[in-house]
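K.L.:
Quick one: the structure is below, and I'll ask about it shortly.
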Amino acid sequence: MVKPTYRLEDPDTEVYVGDCRAVLQALPEKSVDLVFADPPFNWDVPYGEWDDRKPREEYLAFTYQWLDACLRVLNDHGSFWVNIPDDTAAEIVVHLKKRGLTMINWCIWHFRFGQHRTGNFIVSKVHALYFARDRKNRIWVPEAVLEPSDRAAIYGDPRTRRTKQPGLRVPLDVWYGPLWGRIQGNNKERRKEHQNQIPEVYLERIIRACSKEGHLVLDPFLGSGTTCTVARALRRRSIGIEYSSRNAASAFARIQSGPIRLQAAGLAAPRPAPPESNSFMIHRRRSSKSMANPTPDGFETSTQ
């Protein structure tokens, strides 16, 4: 029987050290409500003891194995998220569809600071693939992640005040804005021991939207510990699996300390603080001229 290397209570939080494929086989079937996976990209990144430069076919075989291992423990009402770059996004989508899952969204995490290169366009995105076993029977809590709509935040449209959620909408499928950039340099969230790190707001959105308090969240590639850190702050049970013993120890220390952004913004409580618009656009007021000669959407196009 596999036992966690680290454990906390209230809510239960477990960290296992080892190959996720083996650990997942030891967990009960259909016991997990939400899976979030940010696997190695096979980009020759130093992840402790992990070999991140495998031959392509070996890497794909590994990918299909861990995907299937996660599916074994995913509950019938559960959701499955995968964070992956261009290289392997298509293969994962095809594989999960073959396994009978339904794609809910193909989201994009967009960041403004890509690594400089001259051989091709600079990469400024990663794919956030959202699958579920059953679209109609999945855990979905949209009211927990609402944000200001463009009509409210940019145009000040009074009609948005007469909706069920005045001025708010479910987020777009392209994610960007304050606190959504890559975690690097002197970022407050930065864990120096780790090569890659996802911002807390990313996991906050997924966990709030696709689980409820007391539900079990699983991360088969724990890395810096973001998933379990945010899940614990939001009162979800969680399991993290990490191949590197050193990374696991660092991640657990972070889990014990708690999140940085959520605490600073008062978001660890059940109800989040009022959201901010993530639009690139500046606020634009409607004018009497634009009302007399409206554009197709009824708003002026000038940015003055």
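K.L.:
Quickly work out the residue 56-to-residue 76 label distance, labels modelled 7 Å from Cα along the C-beta direction, and quote it in nm with one decimal.
P.N.:
Between residue 76 and residue 56, the simple spin-label model gives 4.1 nm.
K.L.:
Take the Cα pairs of segment 6-285, get the Kirkwood Rh, then feed it into Stokes-Einstein at 20 °C and 1.002 mPa s and tell me D in µm²/s.
P.N.:
D = 110 µm²/s.
K.L.:
Size of the dipole of segment 1-45 about the Cα centre, Lys and Arg at +1 and Asp and Glu at -1 on the beta carbon, nothing else charged, in debye to 20?
P.N.:
Roughly 200 debye for segment 1-45.
K.L.:
How far apart, in nm, are the 7 Å Cα→Cβ label points at residue 134 and residue 193?
P.N.:
In this crude label model, residue 134 to residue 193 measures out at 4.1 nm.
K.L.:
Would you work out the charge dipole size for segment 6-285 about its Cα centre, treating the Cβ of every Lys and Arg as +1 and the Cβ of every Asp and Glu as -1, and quote it to the nearest 20 debye? Write out the running numbers ahead of the final one.
P.N.:
Numbers: 41 positive and 33 negative charges, 261 e Å.
The dipole of segment 6-285 has a size of about 1260 debye.
K.L.:
Sticking with the crude label model, points 7 Å out along Cα→Cβ, report the distance from residue 102 to residue 165 in nm, one decimal please.
P.N.:
Spacing of the two 7 Å Cα→Cβ label points: 2.0 nm.
K.L.:
Okay, which of segment 32-64 sit inside 18 Å, backbone N to the point 7 Å along the Cα-Cβ direction of residue 94?
P.N.:
Answer for this model: 56-64.
K.L.:
Residue by residue through segment 57-63, what is 3J(HN,Hα) from phi via Karplus (6.51 cos²θ - 1.76 cosθ + 1.60, θ = phi - 60°)? Round to whole Hz and write x for glycine and proline.
P.N.:
Here the 3J(HN,Hα) series is 5, 5, 5, 5, 4, 4, 4 Hz.
Quick note: the coordinates plus some simple rules give every number you see, no bench work behind them. Model, not experiment: these values are computed from the prediction. Every residue, glycine among them, receives a Cβ derived from its backbone with ideal geometry; neighbour counts consider all protein chains shown.
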